[in-house]
1. Condition check: surrounded by 10 or more Cβ atoms within 10 Å (Cβ to Cβ) and either over 12 Å from Ile275 (Cα atoms) or out of contact with any helix residue (DSSP H, G or I) (no Cβ under 6 Å at 6 or more places or on another chain) (or both). Does Ala37 satisfy that?
2. Considering each of Arg34, Arg6, Arg11 in turn, give the residue that is at pLDDT below 85 and either within 41 Å of the chain's Cα centre (by Cα) or more than 20 Å from Ala268 (Cα to Cα) (or both).
3. Here's a check for you: in the range 332-358, which residue that is outside any helix (DSSP H, G or I) and without any contact (Cβ under 8 Å) to a residue 40 or more places away in the chain is nearest to His305 (Cα to Cα)?
4. Please work out which residue is surrounded by the fewest Cβ atoms within 10 Å (Cβ to Cβ), limiting yourself to the range 235-258 and to residues that are among the charged types (D, E, K, R) and touching a helix residue (DSSP H, G or I) at 6+ places or on another chain (Cβ under 7 Å).
5. Taking the options Ser108, Ser81, Ser77, Ser57, name whichever one is in contact with a His (Cβ under 6 Å, 6 or more places away or on another chain) and surrounded by fewer than 19 Cβ atoms within 10 Å (Cβ to Cβ).
6. Identify the single condition in (1) of a type outside the set (S, T, N, Q); (2) over 31 Å from the mean Cα position of the chain (by Cα); (3) assigned to a helix (DSSP H, G or I); (4) surrounded by 13 or more Cβ atoms within 10 Å (Cβ to Cβ) that Gly293 does not satisfy, given that it satisfies every other one.
7. Residues of the range 174-230 being loosely packed, with under 13 Cβ neighbours inside 10 Å, under 30 Å from Glu102 (Cα atoms) and at pLDDT 80 or above, which ones?
8. Take Arg29 and tell me if it is charged (D, E, K, R) and exposed (fewer than 11 other Cβ atoms within 10 Å of the Cβ).
Amino acid sequence: MTEAARPRLTRAEIDEIWRRQEARKAEWREELRRCVAESPAPLPPDLRQELVLLFNSDMRDILRSHTGYPLAGKRDSYRSSLAIMRRSLRCLLDMIARFEAEALAEDSNLMGAQGEERLGEIVLDVQKELFTCTNAAVSLVDHARRVSEAISFPDYNRKRVECFGTDGLHEFVVSLRVLLHHLRIVDAGWNLTADYRNGDKTASFVLSKETLTRISSETDKLSSKAKAYLAAQPSSIDLRNMFADYAARADSFNDWLTFELQSERIVALRDYDSIIAEKVLRDRRMMYHAMLGNWLNWKRPPDPHNHLDRYLNSEQLEAVYRLRRNSREQVDLVISYADREGVVDEHLRERICELFRRSENHPDGDADSGA
């Protein structure tokens, strides 16, 4: 049939064909979504394989129907909240440590007229970190609770009491956030101490027990345990000591919970995670195959030796170059250092070896496409 005789589709006909194709794809995706929603974890191998072969965005959209999806969302939010909490605690304690070093330095003028502005900035920074820490603590409590409501941990309450104790410190930190956020900004004041018997000097920030006690008497926002903790404290509550103690307790509990979240008994979560991991691995492997296939078709492929310092540290580079250049042993060692996620399969390994071998032909420069 000649070009002139070939029937031409109108724009409307093309649009209709495209619309029908999209409708069929949508129906297929909905059928996959239904199968995922109705299948208990772990998913059957054939269904799992269909998911992994999809575009990443389509697969993740369909996986929202997986029974592990809501668990993963709560778990991931908890992890993020935990990371923020730990960073907030480090920032507060580091800020106080830097204040102490600056205040106690031999040539320090921080406490004099010349240091007034600088001291004001430090006080405000510590106040900010105190606000951040208490908010992060409450957020972490909420996210840990959401996880424990979605996944049964028989020892959750026992470990919480075991790690946080019964003296009310945990409740006091949580209540302090309520005071700062809703009722009144409680100033943290700096405090210098000196032991003239041994010459030891310290500098920290403190909260006034008297002020906190007065505020707590005017509100019902403090729990009985928080009030008991406050009553047991000295007249000045040292922020460094209090939050260092709290950080240790929180780490103990959250290390336990993090470990429990990795348990194989949480079948739905393990299955969901493994599907995501398999998809990520497959897509990265496919990308590396494409790149290597392209480079190996060049007349002069890239020289991998010119780029190793971007992926290996100095000790690793030294170990690599103790081996014969471009030998299988050298390439295997490079892969063992650089491939932290297990992307390289045997086919990729052979292609990488070929790339290294090809660099022997052009030892003085990097690649061009040879086009």
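The values are calculated or read from the model by the stated rules, or taken from the named source; none is laboratory data. Treat the numbers as computed from the prediction; the structure is a model and nothing was measured. Positions of Cβ are generated from backbone atoms using ideal geometry, with glycine treated the same way; all protein chains shown enter the neighbour counts.
1. The answer is yes for Ala37.
2. On the way: Arg34 fails: at pLDDT below 85; Arg11 fails: at pLDDT below 85.
It is Arg6.
3. Asp339
4. So the residue we want is Asp245.
5. Ser77
6. Checking Gly293 against (1) of a type outside the set (S, T, N, Q); (2) over 31 Å from the mean Cα position of the chain (by Cα); (3) assigned to a helix (DSSP H, G or I); (4) surrounded by 13 or more Cβ atoms within 10 Å (Cβ to Cβ), the one that fails is (4).
7. Across the range 174-230, the qualifying residue is only Glu210.
8. Considered against the rule, which asks whether it is charged (D, E, K, R) and exposed (fewer than 11 other Cβ atoms within 10 Å of the Cβ), Arg29 comes out as no.
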